[in-house]
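The values are calculated or read from the model by the stated rules, or taken from the named source; none is laboratory data. Note that the structure is a prediction, hence the values are computed from the model and not measured. Because the Cβ atoms are built from the backbone with ideal geometry, glycine has one as well, and the counts that use them run over all protein chains shown.
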Amino acid sequence: MKRTLSIFITLLFPLGAFAQEQKSFWDDPINSPMLPLYLVTTFVFIVIILVGAVALYLIKVLNMLTEQAEKERAQKLGVVYVPRPNWWSRFSQKMNASVPVEQEKDIELHHSYDGIKELDNHLPPWWKWLFYGTIGWSVVYLVVYHFSATLPLQLQEYENEVAVAEEQARIFKASQPQEAIDENQLVFAKDAAIIEKGKSVFMNNNCASCHRNDGGGNTIGPNLTDEYWLHGGDVKQVFLTVKNGVVEKGMPAWGKVLSPQDVRDVTFFILSLQGSNPANAKAPQGELFKQKAIASDTTNAQASL
């Protein structure tokens, strides 16, 4: 008894250590405190498989010996040996309740159609049990989901998951405070680092699918490289257009999914495309807007943000 208790305590100790360390077994399987438990479990599982295989083999041998003895007995009595059905045949017969062909006369109905006779076959037991099971499940479902509200319905479950996702997003944003961007004080500058970041955001957020990679525009999005603008070409106006979108024209409000820095970077990238004149660009749309002289001193531009 003491030995058994000591083994049990030994197996419990690694569980406690594992709970304290909070490490995965696959991080370091050799030194994991769960290794002894896994080894014992694997050994027991292998032993169970081997015992089961040996038991099946012994049953097969026993059936062969029994069948041989019955054949010899039938031969001595001078009768025809009829093998007994195996367990699978008996199980199948019980589950289907089928009538052998030689006994179909007993369930034949006393009417026929054009010489075709009908048998009084019933539904198989397995089908009826499955049907009764669905009825029982429907009762449990109604009680659990509708009457007692023990578990949420699909719509409520979806809303709960959305709420959890929003809370996780809020916590994530709170852990990574963003720099506030005042569009009223925003001044465009040809800052290579900001423009490169804006280009990456532009390419990775489906902007290029409407405006092309070079900003030349396509069927949906206007040309971003000329001096004509639908919603204003000043840095503040472009920033607000990217931030708030133009939903009625298919322009999403990227300010809901992008950080203020990303919106600023995309704005700078768009303005940097002015005068690039890509091939096969879309025809001008909107009103002519002349850009003011762009500051080349990035230090002053950074200070104005």
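Data overview
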{"quantity": "Wholly within segment 129-245, helices (runs of 4 or more DSSP H) carrying at least 3 residues that are of a type in the set (D, E, K, R) and more than 15 Å from Asp265 (Cβ to Cβ)", "calculated": "154-175"}
{"quantity": "Residue pairs meeting the criteria (Cβ under 8 Å; at least 6 apart or on separate chains; first modelled with pLDDT of 85 or more, in segment 177-203; second assigned to a helix (DSSP H, G or I) and acidic (Asp, Glu))", "calculated": "Ile194/Asp265; Ile195/Asp265; Lys197/Asp262; Lys197/Asp265; Gly198/Asp262; Gly198/Asp265; Val201/Asp262; Val201/Asp265"}
{"quantity": "Residue, farthest from Ala281 (Cα to Cα), within segment 232-258, restricted to residues that are crowded, with 19+ Cβ neighbours inside 10 Å and in contact with a Ser or Thr (Cβ under 9 Å, 6 or more places away or on another chain)", "calculated": "Lys243"}
{"quantity": "Residue ID - nearest to Leu186 (Cα to Cα), chosen from residues in segment 244-288 that are charged (D, E, K, R) and free of Cβ contacts under 8 Å to residues at least 40 places away in the same chain", "calculated": "Lys256"}
{"quantity": "All positions within segment 87-128 that are surrounded by 10 or more Cβ atoms within 10 Å (Cβ to Cβ), touching a Lys or Arg at 6+ places or on another chain (Cβ under 8 Å) and outside any helix (DSSP H, G or I)", "calculated": "Glu108"}
{"quantity": "Qualifying positions in segment 62-83 - under 30 Å from Pro125 (Cα atoms) and surrounded by 11 or more Cβ atoms within 10 Å (Cβ to Cβ)", "calculated": "Asn63"}
{"quantity": "The lone exception for Pro83 - which of (1) at pLDDT 90 or above; (2) closer than 30 Å to Leu56 by Cα it fails", "calculated": "(1)"}
{"quantity": "Single residue of segment 146-176 satisfying the filter (of a type in the set (Ser, Thr, Tyr) and at pLDDT below 90) that is surrounded by the fewest Cβ atoms within 10 Å (Cβ to Cβ)", "calculated": "Ser175"}
{"quantity": "Looking only at segment 247-276, and only at residues there that are polar (S, T, N, Q) and not in a helix (DSSP H, G or I), the one that is nearest to the chain's Cα centre (by Cα)", "calculated": "Ser259"}
{"quantity": "Odd one out for Glu118 among (1) among the acidic types (Asp, Glu); (2) out of contact with any His (no Cβ under 9 Å at 6 or more places or on another chain); (3) over 30 Å from Ser259 (Cα atoms)", "calculated": "(2)"}
{"quantity": "Filter result for the condition that a residue is assigned by TED's automatic domain parsing to the domain that holds Asp265, within 40 Å of the chain's Cα centre (by Cα), farther than 21 Å from Phe289 by Cα and aromatic (Phe, Trp, Tyr), over Phe239, Phe202", "calculated": "Phe202"}
